[in-house]
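Visitor: Please read through the structure below; I'll follow up with questions.
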Amino acid sequence: MRKIGIFIMLIILILSACTNQQKPMNEEDRFIEDLLSQMTLAEKVGQLNQYTSRWEMTGPAPKGDEGAQSQLEQLKSGMVGSMLNVNGAEATRKAQQTVVENTRLGIPLIFGYDVIHGYKTMFPIPLAEAASWNPELAYLSSKIAAKEAAASGIHWTFSPMVDVGRDARWGRVMEGAGEDPYLGSVFARARVEGFQGDDLSDELSIAACAKHFAAYAFSESGRDYNSVEIGDETLQNIVLPPFKAASDAGVATFMNAFNTIQGMPATASSYLQRDLLKKQWAFEGFVVSDWNSIGEMIPHGAAADLKESAYRAIEGGSDMDMEARAYINHLEELVAEGKVDEAKITDAARRILRIKYRLGLFDDPYKYCNVENEKSMLYTAEHRDAARKVARESMVLLKNEKQLLPIASSVKSIAVIGPLANDKDSPIGNWRAQGEYDSAVSLLEGIQAAVGKSVTINYAEGCKLSIGKRTFPDKMTYNESDRSGFAKAIQAAKKSELVLLAIGEDCFQSGEGRSQTDIGLKGLQMELFNAIYKVNKNIVVVLMNGRPLAIPELVDKAPAILEAWHAGSEAGYAIADVLMGHYNPSGKLPMSFPRTVGQCPIYYNYKNTGRPQAEAPGQVLWSCFTDAPNTPLFPFGFGLSYTSFEYSDIVLDKTVMDENGTLTASIKVSNTGQLDGEEVVQLYIQDMAATYTRPVKELKGFEKVLIKAGETKVVTFALSKKELGYFYPCGKYVVEAGQFNLFVGGNSVELQQTQFVIQ
Ligand code: BGC
């Protein structure tokens, strides 16, 4: 009996030795552990502290700086591990030198910056890029943005924002890839790979940051920073997948979020940051807080003071404190009181040092501070060409009646009208890094360049969209009364064969802190349209905006509409490429456009409910509105081309999928028009009956194919059983047996349909 006991003990010891086995230390680990062993607690805390430069701020200045040491002294005394908003090869070199030459261990700073859709060469806003359904373009724009930022001393971008956004009232939908977790995951991966390249230590790549972890886009009523009350099933299946994709792609950092989720501040969530991200997903990088999100736990009502905020954030797994001064002021004290285990601070410092090591900053802290690179690598002709290519592929043709587009060569006079027609600033978008004010090619310039002298251009602004100063972060005041430009615009329209009307949103109308309860056309824009429509019905509306707009009247009347978004530095040229037919539009909406703001949030992958559809519109006792349809104005995945595509029936290689099964679905897509064109072929599934209800459709694959006029191509999707499951609210992934619908088509509504079964 005793022998059996000893034997069992031995087995247990061997097993536990095996499971506790540490992975062998590599050179990176040895370097970091050695450095950590030399660091005092204060020095480790210093690594966790991030300050903005005082000369450029992207959030309200935090209180409590009064009487503190000057920023310079803090840098010299090793109290700062990272800075944001310092840019330029010289400025970064100066700050780096201050730290490297004055601190005891000379640990370099890591410089972070919001490089969201370009650094100096501006690309279309991320929502627009997602409309291309071409992740290679997001890869390209991120790569170029990284190159320019790196040449200007930046090590780290706070991008990509991978928040799935379903609510167009929320101004930050412009920064994401739209409403779908699958499309969002594909773009998350592409952007991370674009910024980071194959090797972080490459001089032309920078560290990326998946943000805002998590569920920030689900703020109630779309009001920025508001509480989030979604359930765990939505969290697991809709919110988290793009973050997981970014983590799998090797993203160096995560940023947490301002919001609470079911009462828990994301910044303090050890479920998200410790259990899920660092343990389950084995994320090796660090988590930075959002701007003062640690301090904001006080007004949230989650901490009595900054000390408690610091405690909750470090316990929750936030590694770096952006701008709250919580860690630098309270962590040492919390350790001394025995409330925080120093090991947690060591782990946070380790993660930050790891990314600095991978960037190569310990080899050469100044490697990115290269004035020559900065002079030659920014805003080059090659980068601007790329911006034009990305922009034109991001545009979505929403309507094209009367064959107004592409503009016929017989057209000899064009009126270019609208508050955004000659706006050289709005196309730059809200997050503009070092993109210069008024530096974009306007629509007027683009069309003039495209038509040359053979066509008469009659330009008139018509009206202003806003009045007064219009810079970040000023409040916009819309022009509700000044119609003095209407007469000239009407004249221009009268004497032209075709009108191009550029309306939509000012660049600072969407973006952070720009939530709106009205997402129609602001100011006098619709009135201007109507005035022009009276004298010339050949109107092509060019929309420039950062979010889906509720514009039913415009869509009803305007014969042609091109969604051009805020398209970046080369906007005007890119729009002209599309209008003239030099590029056949291929974009598809990454977010549903509502008919009215009252439908928000509106998204294609909704749940059916127990009372899905009224027999006739307006019937009561069904899950519908009595004054508007449930359907959107334009659905997810929608976009026209100058040619037309026809889909055959779907062919499945089998209709029953067994254990570890796979299935292929093929469809013939024919280009039935006169022009070559690209089509985004989309595949959706629906799990008909599940333990937790599933959406009416879920995107599971897409392919963008070029099909020549008259040609037919077969597009084949391979699905494996493991892709067809979902997460239970507890986070367990399951594939349930049962019947599935499978759909293929050119948008989320017009689809061919078939079925299969999982055994
Ligand atoms: C935003 C972040 C941004 C940070 C730094 C915050 O206000 O939410 O997305 O990266 O500021 O500028």
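The values are calculated or read from the model by the stated rules, or taken from the named source; none is laboratory data. The structure displayed is predicted, hence computed values, not measured ones. As a convention, Cβ positions derive from the backbone with ideal geometry for all residues, glycine included, and neighbour counts pool all protein chains shown. The accessibility values were calculated without ligands, DNA or RNA, using every heavy atom of the protein model including side chains. Shrake-Rupley method; radii C 1.70, N 1.55, O 1.52, S 1.80 Å.
Visitor: Just to be sure I understand the model, the point goes 7 Å from the Cα along the line to the Cβ. What's the resulting Ser413 to Gln752 distance in nm?
Guide: 4.8
Visitor: Mind checking the per residue accessible area of the stretch 645-758 for me, 1.4 Å probe, whole number of Å²? Let's see the in-between values first.
Guide: Values: 5230 Å² over 114 residues.
Normalised by residue count, the accessible surface of the stretch 645-758 is 46 Å².
Visitor: Output the pairs from Lys211/Lys356; Lys412/Lys704; Lys279/Lys367 with a Cα-Cα distance over 27 Å in this structure; if there are none, say none.
Guide: Too far apart for the 27 Å limit: Lys412/Lys704; Lys279/Lys367.
Visitor: Another question about this same structure. What's the carbon and sulfur percent of the chain's accessible surface, probe 1.4 angstrom, rounded to a whole number? Walk me through the intermediate numbers first.
Guide: Values: 15130 of 29450 Å².
Looking at the chain in its full context, I get 51 percent from C and S.
Visitor: Something else about it: With each pseudo-label sitting 7 Å past Cα toward Cβ, what's the Glu723-His582 distance in nm, one decimal?
Guide: Going from the Glu723 label point to the His582 one covers 3.7 nm.
Visitor: If you average the C-alpha positions of the stretch 222-273 and of the stretch 133-194 separately, how far apart do those two centres end up, in angstrom?
Guide: Between the Cα centres of the stretch 222-273 and the stretch 133-194 lies a distance of 17 Å.
Visitor: Right, next: Under 16 Å Cα-Cα from Lys488, which lysines qualify once same-chain neighbours fewer than 8 residues away are excluded?
Guide: Cross-link targets: Lys464, Lys534.
Visitor: How large is the charge dipole for the chain, taken about the Cα centre, if only the Cβ atoms of Lys, Arg (+1) and Asp, Glu (-1) carry charge, to the nearest 20 debye?
Guide: Once rounded to the nearest 20, the dipole reads 940 debye.
Visitor: Setting aside same-chain residues fewer than 8 positions from Lys721, which lysines have a Cα under 23 Å from its Cα?
Guide: Hits, sequence-local ones excluded: Lys244, Lys607, Lys654, Lys697, Lys700, Lys732.
Visitor: Can you compute the helix-only [θ] at 222 nm over the chain? Use -39500 (n - 2.57) per DSSP H run of at least 4 residues, normalise by all residues, nearest 500 deg cm²/dmol. Let's see the in-between values first.
Guide: Details: 20 runs with 213 residues, N = 759.
The per-residue figure over the chain is -8500 deg cm²/dmol.
Visitor: Using 0.36 nm per residue of separation minus the Cα-Cα distance, give me the extension gain between Leu621 and Lys76 in nm, one decimal.
Guide: Fully extending the segment from Leu621 to Lys76 adds 189.4 nm.
Visitor: Just want the answer: with Cβ charges of +1 for Lys and Arg and -1 for Asp and Glu, which residue in Thr626, Ala326, Gln674 is farthest toward the dipole's positive end in the chain?
Guide: Going by the charge dipole, the pick is Gln674.
Visitor: Once phi is turned into θ = phi - 60°, what whole-Hz ³J(HN,Hα) does the Karplus curve with 6.51, -1.76 and 1.60 give for every residue of the stretch 209-214, x standing for Gly and Pro?
Guide: Karplus-based 3J(HN,Hα) across the stretch 209-214 equals 8, 7, 9, 10, 7, 8 Hz.
Visitor: Hey, what do the phi angles of the stretch 571-576 turn into as Karplus ³J(HN,Hα) couplings, whole Hz, using 6.51/-1.76/1.60 and θ = phi - 60°, x for Gly and Pro?
Guide: Coupling constants for the stretch 571-576: 3, x, 5, 5, 5, 4 Hz.
Visitor: Let me ask something additional. So for Phe625, Phe286, Phe702, what's the accessible-area order with a 1.4 Å probe, most first?
Guide: The residues order as Phe625, Phe702, Phe286, largest area first.
Visitor: Just read off the accessible area of Arg169 with the full protein assembly in place, 1.4 Å probe, to the nearest 10 Å².
Guide: Probe radius 1.4 Å; accessible area of Arg169 about 40 Å².
Visitor: Still on this structure: Per residue, how many Å² of accessible area does the stretch 128-175 show with a 1.4 Å probe?
Guide: Roughly 14 Å² per residue, with all protein chains present.
Visitor: Also: Aspartates and glutamates near Lys389 by alpha-carbon distance under 13 Å, same-chain residues fewer than 8 away left out - which ones?
Guide: Lys389 reaches Glu129, Glu136, Glu570, Asp577.
Visitor: In percent, how large is the relative contact order of the stretch 593-742, given Cα pairs closer than 8 Å and 6 or more residues apart? Present the calculation step by step, with values, prior to reporting the outcome.
Guide: Values: 262 pairs, mean separation 32.8, N = 150.
Reported relative contact order: 22 percent.
Visitor: In Å², and per residue, what accessible area does the stretch 392-590 have when probed at 1.4 Å with the other protein chains present?
Guide: Dividing the accessible area of the stretch 392-590 by its residue count gives 34 Å².
Visitor: Relative contact order for the chain: what is it in percent, counting Cα pairs under 8 Å that are at least 6 residues apart?
Guide: 13 percent.
Visitor: Something else: Between Glu27 and Asp202, what length in nm is gained on full extension when 0.36 nm per residue of separation is reduced by their alpha carbon distance?
Guide: Extending this stretch completely gives an extra 61.2 nm.
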